[in-house]
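The values are calculated or read from the model by the stated rules, or taken from the named source; none is laboratory data. Model, not experiment: these values are computed from the prediction. Neighbour counts are summed over all protein chains in view; Cβ atoms, including those assigned to glycine, are modelled from backbone coordinates with ideal geometry. Keep in mind that these areas ignore ligands, DNA and RNA; they rest on the heavy atoms of the full protein, side chains included. Shrake-Rupley method; radii C 1.70, N 1.55, O 1.52, S 1.80 Å.
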Amino acid sequence: MDLDGQIERLRRCETIKEHEVEQLCFKARELLASEANVQPVDSPVTLCGDIHGQFYDLKELFKHGGECPDTNYLFLGDFVDRGHFSVETFLLLLALKVRYPDRLTLIRGNHESRQITQVYGFYEECFRKYGSAYVWQMCTDVFDYLSLAAIVDNEIMCVHGGLSPLVTSLDQIRLLDRKVEVPRAGPMCDLLWSDPDDITGWGVSPRGAGCVFGRDVAESFSKFNSISIIARAHQLVMEGYKWHFDGGVVTVWSAPNYCYRCGNVAAIFEYNGNMQHNFKFFSAADESERGIPIREPPPDYFL
């Protein structure tokens, strides 16, 4: 298995062969199976939000944050759907994970799901580029092995979406059976779908999945688990990041000009330990540097 050669081709946004995808996904499942539901990560580390198949903007992220393995990265999910190059984006991150397992952490987003990817682009892209659904099946099998959360220096809890009324401790997340398709309800669903909001307690999410939670919920969870910050992605923020609840929760968004039309900047969150952190910002890749997709991805529905 020529992993370095695959990484170089993927960095050029070239698809790798189906049998190479099969080998890569097998290795990735073996590796991810050994990781925890709440994967411990040491600082310094750079946290990245949604990517959504915007491959050339992922390259911009690496230009500003440093290449892997020089920089230790933690990606907060939603690698696929929406953008033109979900296949190359996810396979590059997966290959880097297998090649440098201690320098790249991947956790699951709500789009790392069979149901969602059949609607919002990844399934169709796999079928178009490989002529069958086999690559999609292999990748979605890998989704089931991704961690649900990460904990940095026992200080920052990292999750794609947010909290759950059914989860009060990190230990409860550690006990979940994660190696399944994302359920339509329950704690695993909430972790991938929920959002902070200016309310007290819990509320119904307008997304139709997960919940919304207020400052009191976030503060209670952080105090009980002795953490300082809840870092998450999942929501488009035009400035690339947003603090909630006076610094108790932070949203990081790493897909600039989301869906190639929103005009937002992107950010990454650099954490150096001892609560020292910094944001770096970047814009979408220049049009002259982008590949030309065969067809447009599906529009609308902002997750």
Boolean, Tyr134 is touching a Pro at 6+ places or on another chain (Cβ under 6 Å) and open to solvent by 40 Å² or more (accessible area, probe 1.4 Å): no
Count of residues meeting criterion [closer than 22 Å to Arg108 by Cβ, among the hydrophobic types (A, V, I, L, M, F, W, C) and not in a loop (DSSP other than H, G, I, E, B)] in segment 214-243: 6
Residue within segment 169-192 that is of a type in the set (A, V, I, L, M, F, W, C) and touching a Phe, Trp or Tyr at 6+ places or on another chain (Cβ under 7 Å) present: no
Segment 170-198, residues that are in a loop (DSSP other than H, G, I, E, B) and closer than 14 Å to Val249 by Cα: Ser194, Asp197, Asp198
Matching residues, segment 86-104, being buried (at least 24 other Cβ atoms within 10 Å of the Cβ) and either assigned to a loop (DSSP other than H, G, I, E, B) or among the hydroxyl-bearing types (Ser, Thr, Tyr) (or both): Ser86, Thr89
Residue ID - surrounded by the most Cβ atoms within 10 Å (Cβ to Cβ), chosen from residues in segment 202-213 that are more than 23 Å from the chain's Cα centre (by Cα) and over 14 Å from Leu166 (Cβ atoms): Gly203
Qualifying residue in segment 263-272 (condition: out of contact with any strand residue (DSSP E or B) (no Cβ under 8 Å at 6 or more places or on another chain), over 30 Å from Thr200 (Cα atoms) and at pLDDT 95 or above): yes
Filter pass, Trp193 being surrounded by 15 or more Cβ atoms within 10 Å (Cβ to Cβ), free of Cβ contacts under 8 Å to residues at least 60 places away in the same chain and of a type outside the set (S, T, N, Q): no
Boolean, Asp42 is in contact (Cβ under 8 Å) with a residue 40 or more places away in the chain and open to solvent by 10 Å² or more (accessible area, probe 1.4 Å): yes
Some residue of segment 75-85 being open to solvent by less than 10 Å² (accessible area, probe 1.4 Å), within 23 Å of Glu14 (Cα to Cα), acidic (Asp, Glu) and touching a strand residue (DSSP E or B) at 6+ places or on another chain (Cβ under 7 Å): yes
Near pairs, Cβ below 6 angstrom, 6+ apart or cross-chain, from segment 18-30 (free of Cβ contacts under 8 Å to residues at least 24 places away in the same chain) to any residue that is aliphatic (A, V, I, L, M) and surrounded by fewer than 15 Cβ atoms within 10 Å (Cβ to Cβ): Gln23/Met1
Residue list for segment 157-169, filter: open to solvent by less than 70 Å² (accessible area, probe 1.4 Å), more than 19 Å from the chain's Cα centre (by Cα) and of a type in the set (A, V, I, L, M): Val167
Out of Lys129, Lys63, Lys59, sole residue that is of a type in the set (D, E, K, R), part of a helix (DSSP H, G or I) and farther than 21 Å from Leu3 by Cα: Lys63
